[in-house]
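Chemist: Below is the structure I would like to discuss, written out as structure tokens.
The values are calculated or read from the model by the stated rules, or taken from the named source; none is laboratory data. None of these values were measured; they are calculated from a predicted model. Glycine gets a Cβ as well: all are built from the backbone with ideal geometry, and neighbour counts include every protein chain shown. Just so you know, the surface numbers come from the protein's heavy atoms only, side chains and all, with ligands and any DNA or RNA stripped out. Shrake-Rupley method; radii C 1.70, N 1.55, O 1.52, S 1.80 Å.
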Amino acid sequence: MKYKVNEKGYYGDFGGAYIPEMLYPNVEELRQNYLKIIDDADFQKEFHQLLKDYVGRPSPLYLAKRLSERYGANIFLKREDLNHTGAHKINNTIGQILLAEKLGKKRIIAETGAGQHGVATATVCALRNLECVIYMGEVDIERQAPNVARMKMLGAKVVPASSGSKTLKDATNEAMRDWINNPVDTHYIIGSVVGPHPYPDMVALFQSIISEETKKQLIEQTGSDQPDYVLACVGGGSNAMGMFYHFMDDENVKLIAVEAAGKGVSSGFSAATTYLGKEGVLHGSRSILMQTEDGQVVEPHSVSAGLDYPGIGPQHAHLFKTGRGQYVSITDEESLDAGLLLTQLEGIIPAIESAHALAYLEKMEFKQGENVVVCLSGRGDKDLDTYIKYFNL
Amino acid sequence: MNRIKQLFQEKINILSIYYTAGYPNIGDTIQVAEALEKSGADMLEIGFPYSDPVADGPVIQASSKKSLDQGMTLKLLFEQLKDLRKNVTIPVLLMGYVNPVLQFGVENFCKACAEVGVDGCIVPDLPMVEYEEFYKGCFEEHNLSNVFLITPQTADERIHKIDGLTNGFIYLLSSSATTGKNLEVGDTTETYFSRIKNMNLKNPTMIGFGISDKQTFDKACSYANGAIIGTAFVRAIENGNIEERVSEFMNKFKG
Ligand SMILES: Cc1ncc(COP(=O)(O)O)c(C=O)c1O
């Protein structure tokens, strides 16, 4: 339990709820109710039923043979890319939409970077017949066009965020402003383990299904639920937290979180938060973020819209600071190369986000027989344009 | 005595003006303050800009961005404010988000405020529990008031708690909104204002967000000790001669 949230909403030095008073009633309502609602047997039943019949869980744990040969270890892929809507994001939106209904909310808002969370939110809103507004940075609207079209077809209103770097951070700002201006009846489905307490804990709980299943599948396939390594990419950190969750207290399992180095950590175009960041407050929680000496948030860069964020969730900051997790980074080019490699070795086109985690395998050294789980957080359909341009296909 | 307390003892219908430091030009901070005092403002809130102002609407977002682009930092602001008390006698508060304060260091921040003659602060995203635990001692040591916001959705119990924790005034948001929304005093707003008025709080109250002209100002004053104008003022000084623009704007509230 030492890596989980305490009763004050903190993970060590990180977390809390740094929000203006306008957001307090909604966040407090959530804080008081989220565990009660989630722990309720009926809620659990409906949540798991939907994950099974609608999302298609459990997602397979696939032993990637050719990848394993290449790296000299057993490389397992946790196939979140096979979920309905194509990424891990739907685990969280299913949970939150059920919770929003229990709280009597009528309108849903969300931010999105890659558009996967936006699509997952628009999807559950269609499913449950709730109004849906998605904020998305102008830059991301351009580079993730297929997802914008999907959200529109699903009936969501997509509002461009045109401030700052016009990416995920700015979309999050706009969503928070929307919530301030709509204090009654609206629920904000945050898409990662960021935001004020209880969001990081709530999203982690919904995503923890990833490691819950992985453990069972590992026992079936290897006889042990203790792999040597677990890897995942980190934007805000929700797929990584879901992947780490049930391994956190197994101290012999090494947790590796892969951030986006962009054009290189020292290039000025990077999103490698733990490398470049300092402690501070962003989007309602105390964590680690990229900022100037004056405390102004630095605009990040990554080829991957889902990792193009200047912070990480507070629980990640805690894993980083305590040394429980190893935080590393991968450049734009390395990730794209890893994406093509997986496609050609295993016939799986990964999201560029997930390709960051895969790329780190190139930098690791394994002993024969070691078991390695990589969270394949999403599929690459949305990224075809970027891949095709980069490889001149 | 703290200038804020004194003001509320001596005056009613207090007009407080918010503006962004380093706007429209980086060197304008003091000039705007002096012009405002000269044309009759009772209190000032000087905004120190932040890159991600989630509680602000487009106008203050834009002024903050311009100020930052022109090089504003907290360090520079405190340098500019060294001359604040040469000609400005009315109470002055600094308003901004918590991260720049954290990076500056809470202790250093309070000390710097006291040195230049700042009387209080408004930091909307600094939670009450954090303030109580980590900031209050330092604020009080430097005789700084910390002002909290309340909205129509804030529960009575919490308002009483805020009232116990603060010693300047309470900032009453006319509605839960980002800055710059227009005040529409409908039945529910009146009920809310009256509810607060009847709570007999120990602190005075100021109504803010969406006050833009004499009519909305007078209306606000009938429920509180005064009102705060931000967006409308920031918009008014965007172009042209500062002294002229300020006095033109302030004249609208005379009489
Ligand atoms: C496929 C995929 N992986 C990862 C991420 C990054 O988010 P997080 O760090 O919260 O898992 C995203 C975000 O959009 C995504 O779409």
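Chemist: Quick check on A:K105: is it open to solvent by 10 Å² or more (accessible area, probe 1.4 Å) and either touching an Asp or Glu at 6+ places or on another chain (Cβ under 9 Å) or assigned to a strand (DSSP E or B) (or both)? Give the steps one after another, and end with the answer.
Modeler: Details: open to solvent by 10 Å² or more (accessible area, probe 1.4 Å): yes; either touching an Asp or Glu at 6+ places or on another chain (Cβ under 9 Å) or assigned to a strand (DSSP E or B) (or both): yes.
When the stated conditions are applied, A:K105 passes them.
Chemist: Keeping to the range B:182-202, report how many residues are touching a residue at least 40 places away in the same chain (Cβ under 8 Å) and either surrounded by fewer than 18 Cβ atoms within 10 Å (Cβ to Cβ) or farther than 21 Å from B:A55 by Cβ (or both). It would help to see each step written out before you state the result.
Modeler: Within the range B:182-202, the first condition is being touching a residue at least 40 places away in the same chain (Cβ under 8 Å), and the residues that meet it are B:192, B:196, B:199, B:201.
Pick out the ones that are also either surrounded by fewer than 18 Cβ atoms within 10 Å (Cβ to Cβ) or farther than 21 Å from B:A55 by Cβ (or both) and you get B:199, B:201.
Number of matching residues: 2.
Chemist: Can you name the residue in the range A:188-210 that is hydrophobic (A, V, I, L, M, F, W, C) and not in a helix (DSSP H, G or I) and, of all such residues, is farthest from the ligand (Cβ to nearest atom)?
Modeler: Looking only at the range A:188-210, we keep the residues that are hydrophobic (A, V, I, L, M, F, W, C), and these are A:189-190, A:193-194, A:202-206, A:209-210.
Add one more test, that the residue is not in a helix (DSSP H, G or I), and what stays is A:189-190, A:193-194.
Details: A:I189: 13, A:I190: 10, A:V193: 6, A:V194: 8 Å.
Among residues in the range A:188-210 that are hydrophobic (A, V, I, L, M, F, W, C) and not in a helix (DSSP H, G or I), the one farthest from the ligand (Cβ to nearest atom) is A:I189.
Conditions tested, residue by residue: (1) within 18 Å of the chain's Cα centre (by Cα); (2) within 12 Å of another protein chain (Cβ to nearest Cβ).
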{"residue": "B:L144", "(1), (2)": "yes, no"}
{"residue": "B:Q153", "(1), (2)": "no, yes"}
{"residue": "B:R158", "(1), (2)": "no, yes"}
{"residue": "B:I162", "(1), (2)": "yes, yes"}
{"residue": "B:N167", "(1), (2)": "yes, no"}
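Chemist: Among what's in the range A:262-287 and is open to solvent by less than 10 Å² (accessible area, probe 1.4 Å) and touching a helix residue (DSSP H, G or I) at 6+ places or on another chain (Cβ under 8 Å), pick the residue that is nearest to the ligand (Cβ to nearest atom). Walk me through how you get there before you give the answer.
Modeler: First, pick out the residues of the range A:262-287 that are open to solvent by less than 10 Å² (accessible area, probe 1.4 Å): A:262, A:270-273, A:280-281, A:284-285, A:287.
Filter once more, keeping what is touching a helix residue (DSSP H, G or I) at 6+ places or on another chain (Cβ under 8 Å): A:262, A:270-271, A:280-281, A:284-285, A:287.
Values: A:G262: 15, A:S270: 16, A:A271: 11, A:G280: 19, A:V281: 19, A:G284: 15, A:S285: 14, A:S287: 13 Å.
Only one residue tops the list, namely A:A271.
Chemist: Also: Quick one: would you say A:P146 is within 14 Å of another protein chain (Cβ to nearest Cβ), over 25 Å from A:Y18 (Cβ atoms) and either within 15 Å of the ligand (Cβ to nearest atom) or open to solvent by 40 Å² or more (accessible area, probe 1.4 Å) (or both)? First the steps, then the outcome.
Modeler: Details: within 14 Å of another protein chain (Cβ to nearest Cβ): no; over 25 Å from A:Y18 (Cβ atoms): yes; either within 15 Å of the ligand (Cβ to nearest atom) or open to solvent by 40 Å² or more (accessible area, probe 1.4 Å) (or both): yes.
For A:P146, the condition - within 14 Å of another protein chain (Cβ to nearest Cβ), over 25 Å from A:Y18 (Cβ atoms) and either within 15 Å of the ligand (Cβ to nearest atom) or open to solvent by 40 Å² or more (accessible area, probe 1.4 Å) (or both) - is not met.
Chemist: In the range A:211-261, what residues are under 21 Å from A:G72 (Cα atoms), in a loop (DSSP other than H, G, I, E, B) and within 16 Å of the ligand (Cβ to nearest atom)?
Modeler: none
Conditions (1) under 14 Å from the mean Cα position of the chain (by Cα); (2) open to solvent by 50 Å² or more (accessible area, probe 1.4 Å), marked per residue:
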position: A:A156; (1), (2): no, no
position: A:W179; (1), (2): no, no
position: A:G191; (1), (2): yes, no
position: A:D201; (1), (2): yes, no
position: A:G223; (1), (2): no, yes
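Yes or no, residue by residue, for (1) among the polar types (S, T, N, Q); (2) closer than 21 Å to B:G210 by Cα:
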site: B:R3; (1), (2): no, no
site: B:F8; (1), (2): no, no
site: B:N25; (1), (2): yes, no
site: B:L74; (1), (2): no, no
site: B:E79; (1), (2): no, no
site: B:G96; (1), (2): no, yes
site: B:G105; (1), (2): no, no
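Chemist: Does the range B:89-96 contain at least one residue that is within 13 Å of another protein chain (Cβ to nearest Cβ), in contact with a strand residue (DSSP E or B) (Cβ under 7 Å, 6 or more places away or on another chain) and over 18 Å from A:E279 (Cα atoms)? Explain how you work it out, then say what you get.
Modeler: So in the range B:89-96, the residues within 13 Å of another protein chain (Cβ to nearest Cβ) come out as B:95-96.
Those left that are additionally in contact with a strand residue (DSSP E or B) (Cβ under 7 Å, 6 or more places away or on another chain): B:95-96.
With over 18 Å from A:E279 (Cα atoms) added as a condition, the list becomes B:95-96.
Yes: one or more hits.
Chemist: If I ask for residues that are open to solvent by less than 30 Å² (accessible area, probe 1.4 Å) and either out of contact with any helix residue (DSSP H, G or I) (no Cβ under 8 Å at 6 or more places or on another chain) or in a helix (DSSP H, G or I) (or both), which ones from the range A:330-345 would you list? So that I can check it myself, show each step before the final result.
Modeler: Keep residues of the range A:330-345 that are open to solvent by less than 30 Å² (accessible area, probe 1.4 Å), which gives A:330, A:332, A:335-336, A:338-339, A:342.
Hits for the range A:330-345 are A:D332, A:S335, A:L336, A:A338, A:G339, A:L342.
Chemist: Out of A:Q291, A:Q296, report the one residue that is in contact (Cβ under 8 Å) with a residue 12 or more places away in the chain, more than 15 Å from the ligand (Cβ to nearest atom) and on the phi < 0 side of the Ramachandran plot.
Modeler: On the way: A:Q296 fails: in contact (Cβ under 8 Å) with a residue 12 or more places away in the chain.
Result of the check over A:Q291, A:Q296: A:Q291.
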